[in-house]
1. Using the Karplus curve 6.51 cos²θ - 1.76 cosθ + 1.60 with θ = phi - 60°, work out ³J(HN,Hα) for each residue of segment 211-224 in order, rounded to whole Hz, and write x for Gly and Pro.
2. Where a Cα-Cα gap under 14 Å defines reach, which aspartates and glutamates qualify for LYS28, not counting those fewer than 8 residues away within the same chain?
3. Once each part is reduced to its C-alpha centroid, what is the distance from segment 108-123 to segment 203-225 in angstrom?
4. Using the Cα centre of segment 2-259 as the reference point, and only Cβ charges (+1 on K/R, -1 on D/E), how large is the resulting charge dipole? Debye, rounded to the nearest 20.
5. Around TRP84, what is the net charge, scoring Lys/Arg as +1 and Asp/Glu as -1 over all other residues with Cβ under 14 Å from its Cβ?
6. Could you give each residue of segment 7-15 its phi-based ³J(HN,Hα) in whole Hz, using Karplus coefficients 6.51, -1.76, 1.60 with θ = phi - 60°, and x for Gly or Pro?
7. At 7 Å along Cα-to-Cβ for each site, give me the label-to-label distance between THR69 and ALA259 in nm.
8. Counting pairs of alpha carbon atoms under 8 Å apart in space and at least six apart in sequence, what relative contact order in percent does the chain give?
Amino acid sequence: AEVTGHGPPLVLVPGGLTGWISWEPHAKHLSNTRTVVRAQLLSVQYGLEDRPLPPDYSTKTESRALAETLDELGLTSNLDIAAWSYGALVALDYALDHQDRVRTLTLIEPPAFWVLKASGGLDAEAQEVAETLGSFGGDISEDDLERFACAVGLCRPGQSPRALPQWPVWMRHRRSLRNCSAPLTHADDPARLRAFQHPVLLVKGTGSAQFLHQSIDALAALLPQGRVIEMPGGHAPHIVSMDRFLEQLTSFLSLEAKAA
């Protein structure tokens, strides 16, 4: 993890493709008033090193690794956590396991398949996405990366992700996608969501994949203090609409600090 700035701790957990570099511009801004921790996902690091994931790898593996990192940094109370995509699923699991350590959660487009299954919301389109994600493993090809980007809403319908400026960076990180089956097999109890008494900001990106918005709606229905906002950007609203996201995040954290 990278730690910058001074002030109350803010933990940034990244998406499962490019990892912690996705939070770099946000960290520069937020570290003016916060101690910002940019975590890395194990699966992203393993992918960059072209190492196979452990046979027992799971979302819980990442959640426990995040816990170990925060323990080592001495960050065990009043944590504000903001997380994107697969990292948001990891952060949610961490928060449910350590409710006494968390002050707020901000979850951007989490692939919470387990919540959809529990709420009966896993429709044919979501199942099709799950089949696509579950097919990735071993060598990740350019075609696999393209299918992933289209499936999760990183590009507009009919647009080739290969034409996007991010494509070369995605290609360097493509082996991260060996983690794609982990969200599919992760399971939990909705009662843990109903018992979570901390504020949760749920962020949708306009034009993202339907199953991701369904996941957010299902979470909002279960979390006592969950609220939903939406902004442009497909699956990456905090990057595409960065200024607006930072404004909303800062406002959310400030309001909750006053309420506390």
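Read the figures in this text as sums done on the coordinates, not as results from a lab. Being a predicted model, the structure only gives us computed values, none of them experimental. Ideal geometry is used to build each Cβ from the backbone, glycine not excepted, and the neighbour counts take in all protein chains shown.
1. Couplings: 5, 6, 5, 5, 4, 5, 4, 5, 5, 4, 6, 9, 7, x Hz.
2. Partners within reach: GLU2, ASP243.
3. Value for the Cα centre distance between the two parts: 9 Å.
4. Numbers: 22 positive and 30 negative charges, 105 e Å.
Value, rounded to 20: 500 debye.
5. Working: positive: ARG38, LYS204; negative: GLU24, GLU62, GLU109.
Value of the local net charge: -1.
6. Ordered by residue, 3J(HN,Hα) equals x, x, x, 10, 9, 10, 10, x, x Hz.
7. Distance between label points: 2.7 nm.
8. Relative CO of the chain lands at 20 percent.
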